[in-house]
Amino acid sequence: MIETAIDAAFQASEAAPDDTQLYMRLLERVMDAELFLLLAEEPEREHIEPHLFELPEGRFVLAFDRGERLAEFLDAPAPYIALPGRRLVEMIGGRSIGLALNLGVAPSEMLLPPEAVGWMAQLGSGLPEETEAKVRGVAMPRHLPSGLIGAIDPKLAAMAGVIEEAHLAEVHFHDGTEALLLALVGVPEIARSDVAAAIGEAVRFSGTEHARLDVTFIEAGTPMHSQIGAISVRIELPRHAPAPRPQSKPPGSDPDEPPILR
């Protein structure tokens with residue numbers, strides 16, 4: 001079976017159990033993934049009722065990161081729903097419910113207890129702060145924290161369809177402070193808040209202490225675009241053919257109308 005992003009992150013974390021950054025990377029991959037959640041009954045409009053399992057460690061919902069793994073686990077047809085991991089974490093976080101993932105069908109099988117799920121929900125709910133500051137200058141970055149770069153790379157790759165270019169620079173402010181700057185080129189106005197939120201989540205899950213990353217959006221072909229391109233480190237983004245648009249919208253697929261846990 002094809003290795004998933006969760007499989008790879010789990011193996012890396014298992015190989016270095018004391019590495020906090022790798023464990024945080026694993027949790028972020030769970031948040032990023034499309035998960036197939038086992039339900040107690042067929043979904044009704046936007047209302048779903050997950051199948052709850054009583055284990056010695058507490059109550060858990062059961063999900064898989066591939067539909068084939070859910071099918072392998074079941075011995076008979078059962079209702080399920082596919083939804084982003086972060087939506088599932090938001091639904092069950094703070095309800096004393098844990099997440100059982102890939103049980104019995106993958107090396108990445110794991111139990112995330114209610115405390116971990118609640119913590120993930122809190123960490124993933126932060127919104128980026130929009131600020132204005134007087135910039136004294138922008139320069140080539142002197143240091144690129146490996147943990148931070150490793151955290152934002154998968155996010156940028158996943159959003160390559162709405163980002164034309166990504167550059168890293170160092171920005172210096174008039175108040176004497178400085179920060180690493182991620183300049184994103186060609187991002188449509190409508191997508192900018194979601195892109196900024198995704199980058200902010202990557203920073204919080206990077207495990208890099210006191211990490212700061214400012215994000216700015218630049219129009220292609222402008223003087224600022226030329227200036228940033230000349231003194232920055234460009235991040236190469238994958239280019240894929242556009243995916244076909246889905247013909248129907250299953251419950252939980254619209255972030256503005258998340259499924260409601262009953």
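The values are calculated or read from the model by the stated rules, or taken from the named source; none is laboratory data. Keep in mind it's a predicted model, so treat the numbers as computed, not measured. Quick reminder, even Gly has a Cβ in these numbers, built from the backbone with ideal geometry, and neighbours come from all protein chains shown.
Those helices (runs of 4 or more DSSP H) of segment 1-73 in which at least 3 residues are out of contact with any Asp or Glu (no Cβ under 7 Å at 6 or more places or on another chain) and under 21 Å from ASP153 (Cα atoms), considering only elements entirely within it, cover 5-15, 20-32. Could you give me the residue pairs with C-beta distances under 9 Å whose first residue belongs to segment 36-63 and is in the same structural domain as LEU83 (by TED's automatic domain parsing), whose second residue is among the acidic types (Asp, Glu) and crowded, with 20+ Cβ neighbours inside 10 Å wherever it lies, and which are 6+ apart or on separate chains? Listed by first residue and then by second, the contacts come to PHE36/ASP65.
For segment 42-60, check the following and say yes or no: at least one residue is under 27 Å from SER206 (Cβ atoms) and out of contact with any Leu (no Cβ under 8 Å at 6 or more places or on another chain).
Scanning segment 42-60 turns up no residue that is under 27 Å from SER206 (Cβ atoms) and out of contact with any Leu (no Cβ under 8 Å at 6 or more places or on another chain).
Give me the residue from segment 178-208 that is under 19 Å from PRO145 (Cβ atoms) and without any contact (Cβ under 8 Å) to a residue 40 or more places away in the chain and, out of that set, surrounded by the fewest Cβ atoms within 10 Å (Cβ to Cβ). Filtering first and then ranking leaves ALA179. Screening ALA82 against (1) small (Gly, Ala, Ser); (2) within 26 Å of ALA8 (Cα to Cα); (3) outside any strand (DSSP E or B) leaves a single unmet condition, (3).
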